[in-house]
Amino acid sequence: MTEDFRPSGNNHIPPFSPIAAAFLGLIGVFILYQFVGAILTLAIFGLDIENADINLMRLMTVAGQILFILLPGLWLTRYVYGDVTKVLRVKLPNIKEVAAFSVGLILITPLLQSYVYLQTELINYLAQNSDFVMSIKSALDSLDEILESTFSNLLAADNFFEGSFIILVIAVTPAICEEVFFRGYVQNSFEQKWSPLKSILVTSLFFGLYHFNPYGLLALIALGFYFGYSVYKSDSIVVPIVLHFLNNFIAVVAYFIIGDEEILSSVESEPLSDQFFSFLVLLFIFLVFVYFLRKYYHKLRD
């Protein structure tokens, strides 16, 4: 019955089930952002994307996030559920919660970097012993090169103003737009019919897939799961927005100061056995953190 899908205290009758609403949003936003956005980009810049005005490209990136992710998420929330504030969990969190989850972000970042390195080594090993894996790796490498080239162009800054603009494009805008849509609209839709764990996991899966990052897919899913866990526990969309911003902001600043090649070479300089040991240590530390975080929320409920 549609009455089961109403947020508490809301007389609005949803036109369809929350699961259907979530997938409708995922399909619609995917088409808008990836296909309509690509068509508009080609219409404005033509096929010579590499020589396009980079600041105009940045403006297009911001506009695309707002028009094709944020606004559809807000409209769908209003259309399906009526109560935008409650469904999106729009409320200020406790500062202790923000601080605690930020510590967790600091712990999970090197953990995921270590995992990506080990994953790359495994893929390289398998590719050397299998032509099939090598063909897949070649295709993934081509996609990864395109993404890396695009990302590098967006991050190229000559002055402070341009650097600030890049932070707006890479850190601020995605943090708001993607979290409102994924952790706000999509995850909450799933939570109304599924368990929290399943809702967070499925939302994180689509979050990872939407980024088209072949080698970073599992790391993005894990990061999305952490964001989803934070909004579920804190009951505030502000927490994952802050975490998403911090994650992207740190990445941008590290790129400005160190550079992508230096970061990669510093990781690759360590022996594989040391990297694997580091991964296990980081994983243990993060799991201990999650254990105490869960205890903290158990105490709040008691």
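A few notes on this one:
- Placing unit charges on the Cβ atoms of the charged side chains and taking the dipole of the chain about its Cα centre, the candidate lying farthest along the positive direction among S114, V180, N124 is V180.
- Each Lys and Arg adds +1 at its Cβ and each Asp and Glu adds -1 at its Cβ; summed about the Cα centre, region 2-301 shows a dipole of about 1940 debye.
- Dipole of the chain, positive direction: furthest Cα of F212, I241, G64, with charges on the beta-carbon: I241
- Filter on K86/K299; K91/K198; K233/K295; K96/K193; K96/K198; K86/K233 - keep pairs with C-alpha separation over 19 Å: K86/K299; K91/K198; K96/K193; K96/K198
- For region 2-301, the relative contact order works out to 26 percent when only alpha carbon pairs closer than 8 Å and six or more residues apart are counted.
- Kyte-Doolittle mean at least 0.5, axial Cα span of 30 Å or more - DSSP H helices of the chain: 95-128, 272-301
- Region 27-102: C-alpha gyration tensor shape, a/c 1.5 cut-off, then a/b vs b/c: oblate
- Total formal charge among the other residues, if their Cβ is under 12 angstrom from that of V186, Lys/Arg +1 and Asp/Glu -1: -2
- GNM result for the chain, Cα springs below 10 Å: residue of K96, K198, K233 fluctuating most strongly: K96
- Mean projected area (nm²) of the alpha-carbon convex hull when the chain is viewed from all directions: 18.1
- Residue order, fewest to most surrounding Cβ atoms within 10 angstrom, among T77, T120: T120, T77
- For D53, D144, order by how many other beta-carbon atoms lie within 10 Å, fewest first: D53, D144
- The chain - mean residue ellipticity at 222 nm from DSSP helices (-39,500 (n - 2.57) per run, n ≥ 4, rounded to 500): -23500 deg cm²/dmol
- Fewest-first ranking of H211, H244, H298, using other Cβ atoms within 10 Å as the exposure measure: H298, H211, H244
The numbers here are math on the coordinates, done by the rules we state, and not lab data. Note that this is a predicted model, so its numbers are computed, not measured. Please note: Cβ atoms are built from the backbone with ideal geometry, for glycine as well, and neighbour counts cover all protein chains shown.
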